[in-house]
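Undergrad: Before I ask anything, let me first share the structure, which is written out below as structure tokens.
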Amino acid sequence: MATVSATATGRLCLFVPGAVMFSETRENDQPARETAAGIKRRKLLRFGTLLTAFSAMSGLGANAAHAGPGDKNPPSGYVPIAEKGAASGVATLDLESRIPRGQVPDLSTTYVGLSEKGANSGVATLDSDGVLAQLPKVHASRHAPGGADALPSLVSAVNIVTDYGAKGDGKTSANGGSMTSGTATLTVSSAGFTAADVGKAISVKGAGSAGANLTTTVSGFTSSTIVTLTTSAATTVRAAAVSWGSDDTTAFQNALNYAGPKGLRVFVPKPSSHYALTAALTLNAWHGLVVQGDNWETTELRQYTDNTPVFRWQLDNIHSQTFERLRLTYANVQTYAIGPNSVAFARDNTDGLSSLSGHYHHTFRELKIIGATYGFKVLRSFPGDTTSTNPWWGCEWSKVFFSNINRSCVSLNLGTVGAPCNRFDQIKVFQNQTYKNDGGEACFLLRGEAVMTAIDVEQWHNQVINMPSGNFLHINGLHVEHHYVDDSSGSNRLVYVANVAVQIEGLLVSYDSSDGFSKYAIYADVNSTVTVNGGVLSTPPGGANYLFATPATANAAKLYSRGVNIGTAVSLWTNGSLAITSIIEVDGQPPVLQSSDTLPAAAVAYRGRRYIQLGNGTTTGDQLVQCVLSAAGTYSWKTVVSG
């Protein structure tokens with residue numbers, strides 16, 4: 001191994017084992033006598049050169065070898081031993097080259113220990129991807145949607161049961177309730193009452209004042225068949241219908257108040273029986289709101305209180321709301337006498353201002369509405385309003401079933417804002433004659449423009465469609481079966497229109513009443529035009545029957561009729577006079593005049609019109625006549641073909 005040494009003269013020499021050593025001196029130089037300090041320094045230099053070996057000329061080696069004679073301060077590249085472990089100094093090392101524990105700074109107040117990772121109020125750990133392994137839990141009661149400190153919504157729907165605590169535990173006894181006037185004891189055979197029913201809402205049919213329904217709460221439990229009510233009966237009842245259950249009104253209203261302004265969906269799951277309501281559910285200008293149930297057979301919202309809507313709008317300029325898959329009922333079937341405001345969907349503005357924008361672009365789909373006075377009704381457009389002219393336009397009713405409606409299924413006395421079409425598709429109306437409609441109101445009161453497809457009305461009384469003003473009415477498939485007429489004061493008009501162009505494709509009408517009143521399938525004013533393409537009108541058991549009628553005036557409405565089977569003893573005539581002039585054609589052919597009928601006076605209004613004048617078969621034959629303009633400028637009836 002080569003070594004480096006210093007000569008007495010301070011020169012460096014390289015020693016290689018086995019090699020001949022040469023000494024570099026000046027010629028005739030004599031060795032100088034070394035002092036004690038020089039010897040000491042030479043020994044130190046020799047020790048340093050041995051440590052650095054061939055690196056003696058490197059930076060580190062050079063620094064180590066630069067200590068000059070008489071240096072007393074340590075080199076600038078080192079720290080004195082006295083500063084090891086001192087403040088602002090350096091840490092010492094133990095025998096394992098580790099900093100002693102006592103010299104490690106205490107960081108317990110700055111950092112969290114490993115034992116607190118993932119612990120409550122500690123720190124979150126990270127998984128292998130650097131993602132939080134724990135996420136904070138939301139307190140179910142305080143942070144639920146609609147709560148005082150609700151978190152921002154990250155979902156598109158709220159659940160009426162899981163988010164707002166609706167119970168849907170309503171129960172019903174169809175005819176087992178008994179109460180005595182002036183007492184609060186209710187007996188219901190086989191009710192299955194329990195102590196848990198105390199505090200629940202309850203409705204007893206006919207036990208209220210003047211035979212109205214009694215709606216109150218259960219205040220005491222006696223047995224499975226006997227409970228005490230908060231309010232005493234005003235009328236004695238036996239075998240009365242009774243409904244009771246947890247009052248879910250607040251849960252529904254809270255859900256609507258939260259979801260409505262955000263345009264969210266309120267989901268209503270299938271209840272064990274029905275959701276009990278004791279007040280109207282208020283709706284406002286919540287564009288995009290959706291209220292959706294499981295299906296229209298089992299998702300039932302039952303209104304316990306008479307004369308109260310199920311849903312109620314209180315503002316104008318409301319659009320784009322959807323209601324679907326719901327069954328809306330009343331605990332007891334309503335009549336106009338006890339519930340003029342018992343409306344499934346009511347426009348009832350009690351505190352807002354009138355707006356010509358009204359309601360538009362709503363969707364009502366797969367709904368069952370049972371036992372209401374009205375299905376849809378404008379009760380009040382603004383405070384003090386008595387005419388109810390709030391416009392509805394561009395709305396859609398699809399697969400809606402009405403049953404046991406007391407006055408009208410859809411009663412919308414519309415304004416005149418452009419009136420784009422309202423559409424009705426696959427509508428079924430079925431009346432149980434025990435709860436027949438009364439008051440002579442039409443099943444559908446409409447204005448503006450309407451398209452109606454596949455309308456099926458069974459056992460309705462009097463008017464079915466009334467459009468007192470508007471633009472057009474298009475009906476594609478109108479089936480009126482087992483129809484009843486109770487009076488002749490306008491209610492005997494199945495379809496009544498004024499100032500409207502009407503087109504009916506597919507008309508089937510059959511009557512069950514034998515009241516003796518004249519009946520009109522279609523009655524139009526003088527400013528209307530009616531087209532009927534295909535239909536059958538049965539002969540009623542009593543009274544005259546007319547397919548088409550119009551006021552007795554020379555400017556009678558015009559009827560275009562094709563493919564119409566008018567049946568036996570059924571007349572196309574109107575009021576016995578001028579009727580034939582209102583008929584343009586039947587089955588694509590000119591209408592037929594009986595031999596006793598007289599042609600109207602030829603005039604410009606009949607130019608080009610043709611009629612078949614039947615002969616008596618003895619003195620006259622059949623003739624085909626046409627109204628023409630002569631070269632002299634006069635109008636006359638000309639015989640085209642003579643039998």
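Undergrad: Residue check, residue 119 against (1) part of a loop (DSSP other than H, G, I, E, B); (2) open to solvent by 80 Å² or more (accessible area, probe 1.4 Å), all met but one. Which one?
TA: (2)
Undergrad: Now a separate question. Here is a list: 329, 298. Which entry is in a strand (DSSP E or B) and among the hydroxyl-bearing types (Ser, Thr, Tyr)?
TA: Sole residue among the options that is in a strand (DSSP E or B) and among the hydroxyl-bearing types (Ser, Thr, Tyr): 329.
Undergrad: For the stretch 194-234, give me each residue that is open to solvent by 40 Å² or more (accessible area, probe 1.4 Å), under 20 Å from residue 335 (Cα atoms) and in a loop (DSSP other than H, G, I, E, B).
TA: Matches in the stretch 194-234: 205, 234.
Undergrad: Which is more than 22 Å from residue 196 (Cα to Cα), touching a residue at least 12 places away in the same chain (Cβ under 8 Å) and of a type in the set (Val, Ile, Thr), of 218, 242, 227, 268?
TA: None of the others qualify; the one that does is 268.
Undergrad: Something else now. So, in the stretch 447-475, how many residues would count as being crowded, with 21+ Cβ neighbours inside 10 Å and either touching a Phe, Trp or Tyr at 6+ places or on another chain (Cβ under 8 Å) or modelled with pLDDT of 90 or more (or both)?
TA: 16
Undergrad: I'm trying to understand the selection: among the residues of the stretch 411-427, which are modelled with pLDDT of 95 or more and open to solvent by less than 50 Å² (accessible area, probe 1.4 Å)?
TA: 424, 425, 427
Undergrad: Oh, and also: Of the residues that sit in the stretch 67-116 and are polar (S, T, N, Q), open to solvent by 100 Å² or more (accessible area, probe 1.4 Å) and in a loop (DSSP other than H, G, I, E, B), which one is modelled with the highest pLDDT?
TA: 88
Undergrad: The conditions are (1) at pLDDT below 95; (2) hydrophobic (A, V, I, L, M, F, W, C); (3) touching a strand residue (DSSP E or B) at 6+ places or on another chain (Cβ under 9 Å); (4) more than 29 Å from residue 205 (Cα to Cα), and residue 353 fails exactly one of them. Which is it?
TA: Only one criterion in (1) at pLDDT below 95; (2) hydrophobic (A, V, I, L, M, F, W, C); (3) touching a strand residue (DSSP E or B) at 6+ places or on another chain (Cβ under 9 Å); (4) more than 29 Å from residue 205 (Cα to Cα) is unmet by residue 353, namely (3).
Undergrad: Out of the residues in the stretch 394-405 that are more than 13 Å from residue 428 (Cα to Cα) and either among the basic types (Lys, Arg) or open to solvent by 10 Å² or more (accessible area, probe 1.4 Å) (or both), state the one that is farthest from the chain's Cα centre (by Cα).
TA: 394
Undergrad: Moving on to the next point. Please go through (1) open to solvent by 40 Å² or more (accessible area, probe 1.4 Å); (2) at pLDDT 90 or above; (3) small (Gly, Ala, Ser) for residue 439 and return the number of the only condition it doesn't satisfy.
TA: The single condition residue 439 does not satisfy is (2).
Undergrad: For the stretch 499-527, enumerate the residues that are open to solvent by less than 20 Å² (accessible area, probe 1.4 Å) and in a strand (DSSP E or B).
TA: Answer for the stretch 499-527, where residues must be open to solvent by less than 20 Å² (accessible area, probe 1.4 Å) and in a strand (DSSP E or B): 502, 504, 507, 509, 511, 519, 521, 522, 524.
Undergrad: Quick check on residue 284: is it free of Cβ contacts under 8 Å to residues at least 40 places away in the same chain, among the polar types (S, T, N, Q), in contact with a Gly (Cβ under 9 Å, 6 or more places away or on another chain) and open to solvent by 10 Å² or more (accessible area, probe 1.4 Å)?
TA: Answer is yes for this residue.
Undergrad: Restricting to the stretch 441-464, count the residues that are of a type in the set (A, V, I, L, M, F, W, C) and more than 15 Å from residue 374 (Cα to Cα).
TA: Selection size over the stretch 441-464: 6.
Undergrad: Condition check: part of a strand (DSSP E or B) and modelled with pLDDT of 90 or more. Does residue 530 satisfy that?
TA: Against the criterion (part of a strand (DSSP E or B) and modelled with pLDDT of 90 or more), residue 530 does not qualify.
Undergrad: Ok, one more. Name the single residue, out of those in the stretch 165-193 being over 19 Å from residue 328 (Cβ atoms), in a loop (DSSP other than H, G, I, E, B) and of a type outside the set (S, T, N, Q), that is most open to solvent (accessible area, probe 1.4 Å).
TA: Within the stretch 165-193, the match that is most open to solvent (accessible area, probe 1.4 Å) is 182.
Undergrad: Sort out which residues of the stretch 585-643 are closer than 26 Å to residue 530 by Cβ, open to solvent by 80 Å² or more (accessible area, probe 1.4 Å) and touching a Gly at 6+ places or on another chain (Cβ under 8 Å), and write them in order of number.
TA: 587 - this is the single residue of the stretch 585-643 that is closer than 26 Å to residue 530 by Cβ, open to solvent by 80 Å² or more (accessible area, probe 1.4 Å) and touching a Gly at 6+ places or on another chain (Cβ under 8 Å).
Undergrad: Right, here's the next one. Kindly list the number of the only condition in (1) at pLDDT below 95; (2) open to solvent by less than 30 Å² (accessible area, probe 1.4 Å); (3) within 17 Å of the chain's Cα centre (by Cα) that fails for residue 360.
TA: Condition (2) is where residue 360 drops out.
Undergrad: Is it the case, given these coordinates, that residue 279 is more than 17 Å from the chain's Cα centre (by Cα), of a type in the set (A, V, I, L, M, F, W, C) and under 22 Å from residue 212 (Cβ atoms)?
TA: yes
Undergrad: I would also like to ask the following. I'd like to verify a number: residues in the stretch 454-487 that are free of Cβ contacts under 8 Å to residues at least 40 places away in the same chain, over 17 Å from residue 518 (Cα atoms) and polar (S, T, N, Q), how many?
TA: 3
The values are calculated or read from the model by the stated rules, or taken from the named source; none is laboratory data. What you see is a predicted model; the values in this text were computed from it and never measured. Every residue, glycine among them, receives a Cβ derived from its backbone with ideal geometry; neighbour counts consider all protein chains shown. Heads up: the accessible areas ignore ligands, DNA and RNA and are worked out on the full protein's heavy atoms, side chains in. Shrake-Rupley method; radii C 1.70, N 1.55, O 1.52, S 1.80 Å.
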